[in-house]
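Worksheet for the structure shown next.
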Amino acid sequence: MDHDEELIDIDIFHRGDRMAHITVLEAEKLLDQEIPVLDKGFVRLVDYMGGDSRIVQTARVSYGEGTKTVRQDAGLIDYLLRHEHTSPFEHVIFELHCKMPIFVARQWVRHRTARLNEISGRYSVMKDEFYLPPREQISLQSIDNKQGRNKESVPVELQDKVLELLKKDQSASYANYTEILNDGIARELARINLPLSMYTEWYWQMDLKNMLHFLKLRMDSHAQWEIQEYARAIAKIVKTVCPMAYESFERHILHGAKLSSDEIAAVQCLIAGKPNPLEGRRLAEFNDKLNRVSALQKPAE
């Protein structure tokens with residue numbers, strides 16, 4: 001990307017010599033727009049603070065310098081991310097409204113460097129909304145991955161059976177929930193048998209540094225497909241608010257790979273025409289990194 005010729009739509013309002021507020025025009029257009037995810041879910045940008053210019057400002061504060069050219073700003077952001085000088089990224093904040101199945105939320109909440117407020121079944125009657133996986137995502141258990149799916153498709157008859165059983169259980173569970181509520185039983189008790197496929201909602205606030213870590217893990221092919229879909233939706237928001245930072249994230253983290261000392265030694269052996277000394281899981285992880293690099297080098301069709 002030629003940042004010398006690129007026009008970045010950022011409004012910066014000054015108070016004296018201090019940069020007081022940053023507005024990213026493309027992000028303003030995205031505010032309150034639901035990005036659909038799965039069959040009934042969504043991700044929505046409620047608010048944000050800062051952008052690429054905020055990263056640059058906080059990184060240069062000790063020098064007392066203002067924003068330079070776009071190319072210099074992009075270079076600085078790239079340098080910071082490449083060398084893991086990440087504290088300036090903590091000054092960019094995202095506030096998201098998200099709707100997802102409960103089992104996705106329980107994976108999501110493992111990222112504890114965030115602030116969240118989730119709908120409560122103690123105070124509210126839960127909606128009759130459940131997730132049903134798309135037919136192509138109904139797969140057998142993976143043989144070599146204890147927490148994943150086999151990539152091979154299953155017979156249509158088995159897909160139909162799974163979908164029918166899920167629908168049946170969801171319908172019965174919600175009918176019982178409604179009946180217990182109608183009997184006057186407390187909401188906090190009536191909810192306890194509701195399944196993980198039920199949709200929940202929350203407001204989720206996270207800074208850019210931790211958001212990029214979230215995206216790295218949840219956009220990975222080893223993550224569960226459903227949360228990958230949410231990560232891809234959030235990535236669109238992050239890319240809109242911080243296009244320079246996201247470009248560096250793609251280059252160095254999402255599509256990059258770090259090698260351990262053992263893996264570097266393995267590369268040296270391969271270059272010298274010697275056998276790869278790695279074995280087992282470590283060899284599989286090493287080959288996965290090499291395959292990722294090979295995939296990036298393939299010409300676009």
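Would you confirm, using the coordinates I've provided, whether TYR177 is at pLDDT 95 or above, within 23 Å of the chain's Cα centre (by Cα) and among the aromatic types (Phe, Trp, Tyr)? No; evaluated as a whole, the condition is false for this residue. Among residues of segment 168-220 being touching a Phe, Trp or Tyr at 6+ places or on another chain (Cβ under 9 Å) and basic (Lys, Arg), the one that is surrounded by the most Cβ atoms within 10 Å (Cβ to Cβ) is ARG218.
Looking at segment 70-93, is at least one residue modelled with pLDDT of 90 or more, within 24 Å of TYR203 (Cα to Cα), in contact with a His (Cβ under 6 Å, 6 or more places away or on another chain) and in the same structural domain as ARG232 (by TED's automatic domain parsing)? Within segment 70-93, not a single residue is modelled with pLDDT of 90 or more, within 24 Å of TYR203 (Cα to Cα), in contact with a His (Cβ under 6 Å, 6 or more places away or on another chain) and in the same structural domain as ARG232 (by TED's automatic domain parsing). Considering LYS127, LYS168, the condition of being more than 23 Å from the chain's Cα centre (by Cα) and assigned to a helix (DSSP H, G or I) is satisfied by LYS168 alone. Pairs meeting the criteria (first residue in segment 211-233 and of a type in the set (Lys, Arg), second residue not in a helix (DSSP H, G or I), beta carbons under 9 Å, at least 6 apart or on different chains) are ARG218/HIS111; ARG218/GLN224; ARG232/VAL37; ARG232/MET219. Being of a type in the set (D, E, K, R), in contact (Cβ under 8 Å) with a residue 24 or more places away in the chain and either closer than 24 Å to ASN291 by Cβ or outside the structural domain of GLU285 (by TED's automatic domain parsing) (or both): is that true of GLU179 here? No: the conditions fail for GLU179.
Take the conditions (1) closer than 25 Å to GLY41 by Cα; (2) of a type in the set (A, V, I, L, M); (3) surrounded by 15 or more Cβ atoms within 10 Å (Cβ to Cβ); (4) not assigned by TED's automatic domain parsing to the domain that holds LEU81; LEU165 misses just one of them, which is (3). Read through the list (1) within 30 Å of GLU136 (Cα to Cα); (2) within 12 Å of the chain's Cα centre (by Cα), then give the number of the only condition that HIS255 fails. That leaves (2) as the condition not met. The residues of segment 260-283 that are of a type in the set (Asp, Glu), over 24 Å from HIS213 (Cα atoms) and either within 29 Å of the chain's Cα centre (by Cα) or assigned to a helix (DSSP H, G or I) (or both) amount to a single one, ASP262.
Checking each residue in segment 199-241 for being farther than 22 Å from THR86 by Cβ and in a strand (DSSP E or B) picks out TYR199, THR200, GLU201, TRP202, TYR203.
Considering only residues that are part of a loop (DSSP other than H, G, I, E, B) and either surrounded by 10 or more Cβ atoms within 10 Å (Cβ to Cβ) or small (Gly, Ala, Ser) (or both), which ones fall in segment 142-162? Before the answer, list the steps.
Taking segment 142-162 as the starting set, the residues that turn out to be part of a loop (DSSP other than H, G, I, E, B) are 142-148, 154-155.
SER142, ASN145, GLY148, VAL154 - these are the residues of segment 142-162 that are part of a loop (DSSP other than H, G, I, E, B) and either surrounded by 10 or more Cβ atoms within 10 Å (Cβ to Cβ) or small (Gly, Ala, Ser) (or both).
Can you find even one residue in segment 246-259 that is of a type in the set (Ser, Thr, Tyr), assigned to a helix (DSSP H, G or I) and touching a residue at least 60 places away in the same chain (Cβ under 8 Å)? Yes, that holds for at least one residue.
Looking at segment 33-49, is at least one residue at pLDDT below 90 and either outside the structural domain of TRP225 (by TED's automatic domain parsing) or of a type in the set (S, T, N, Q) (or both)? Taking every residue of segment 33-49 in turn, none turns out to be at pLDDT below 90 and either outside the structural domain of TRP225 (by TED's automatic domain parsing) or of a type in the set (S, T, N, Q) (or both). All conditions in (1) closer than 21 Å to LEU38 by Cβ; (2) out of contact with any Gly (no Cβ under 8 Å at 6 or more places or on another chain) hold for ARG115, with the sole exception of (1).
The values are calculated or read from the model by the stated rules, or taken from the named source; none is laboratory data. The structure displayed is predicted, hence computed values, not measured ones. Counting neighbours? That spans all protein chains shown, and the Cβs are built from the backbone with ideal geometry, glycine included.
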